[in-house]
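What follows is a short report on a single structure.
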Amino acid sequence: MNDPFAEKRLQMVEQQLRARGIRDEAVLRAMGKVPRELFMEEDLRGSSYADGPLPIGRGQTISQPYIVAYMTERLELGGGESVLEIGTGSGYQAAVLAEIAARVCTVEVIPELAAGARALLEGRLGYRNIFFKTGRGQEGWPEFAPFDRILLTAAPVEFPEGLFAQLADGGIAIAPVGRGDQRLVCYRKRAGTIRSDDLIGVIFVPLV
Ligand code: SAH
């Protein structure tokens with residue numbers, strides 16, 4: 001099959017991800033497979049594999065490839081997990097997760113973005129392990145809980161406490177937290193207790 005983006009995708013994986021320390025082969029494989037160019041507006045496709053975030057409409061953005069890879073690696077996915085993603089946006093991160101995990105439940109507050117991501121992921125790309133909900137992610141998705149992993153791709157001022165109840169024991173949640181000085185934080189649940197680790201500084205759109 002003729003894929004005009006194949007070389008750019010491979011370069012992105014090698015130069016932006018592997019060269020910067022992403023080691024998880026499942027993450028590198030997933031990002032080497034998902035056609036990032038389909039997740040943006042047509043006039044931006046030429047920049048799909050650029051080393052930064054890009055607008056996806058409605059004032060929202062698709063994250064920089066390195067940040068997608070970094071967060072996915074930090075989720076320590078083995079393959080059998082059920083994952084909750086909050087902030088579907090373009091659906092790119094959901095696709096990367098669905099390449100590795102067993103099931104991805106993704107929640108988006110802007111109906112047009114949710115519908116667009118669903119049409120692409122389910123319709124065009126044929127994913128059968130991604131479930132879509134339109135609404136506020138703070139409420140999670142009780143019908144599918146507990147989740148082995150939870151990933152927020154929009155930043156709350158503080159992690160929404162209620163979501164910890166939907167995190168399985170032994171589970172990991174990752175979220176950008178704060179306004180202004182935002183940090184990516186990793187939470188682990190062990191025997192009902194949450195322990196948090198500060199990872200890196202990031203810039204995400206706010207969780208509304
Ligand atoms: N993961 C996305 C990028 C997310 S941008 C991707 O791969 O493209 C952040 C998204 O979070 C935006 O689409 C925004 O509309 C959404 N969002 C913001 N607040 C939200 C909330 N309370 N619940 C669900 N989604 C929310």
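The values are calculated or read from the model by the stated rules, or taken from the named source; none is laboratory data. Everything numeric in this text was worked out from a predicted model, so none of it was measured. Quick note on the areas: whole protein, heavy atoms, side chains included, nothing else; ligands and nucleic acids left out. Shrake-Rupley method; radii C 1.70, N 1.55, O 1.52, S 1.80 Å.
Volume per residue of the convex hull around the Cα atoms, evaluated for the stretch 96-208, comes out as 107 Å³. Roughly speaking, to the nearest percent, how much of the stretch 98-170's 1.4 Å accessible area is carbon and sulfur? So the carbon and sulfur contribution to the accessible surface is 52 percent. With the largest listed first and rounded to whole Å, the semi-axes of the equivalent ellipsoid of the stretch 6-46 from the Cα gyration tensor are 21, 11, 8.
For the chain, with every protein chain kept in place, what is the accessible area per residue (1.4 Å probe, Å²)?
Per residue, the chain has 46 Å² of solvent-accessible surface.
In plain terms, the bigger the Kirkwood radius, the slower the diffusion; for the stretch 51-91, with that radius from Cα pairs, at 20 °C and 1.002 mPa s, Stokes-Einstein puts D at 184 µm²/s. Each semi-axis of the equivalent ellipsoid for the stretch 1-115 is √(5λ) with λ an eigenvalue of the Cα gyration tensor; in descending order they amount to 20, 20, 12 Å. Taking only the Cα atoms of the stretch 6-202, the ratio Rg/Rh comes out at 0.93, with Rh defined as the Kirkwood radius. Across the chain, the mean sequence separation of Cα contacts (distance under 8 Å, 6 or more residues apart), normalised by length, yields a relative contact order of 14 percent. Compute the distance from the alpha-carbon center of the stretch 160-187 to that of the stretch 194-208, in whole Å. That distance is 7 Å.
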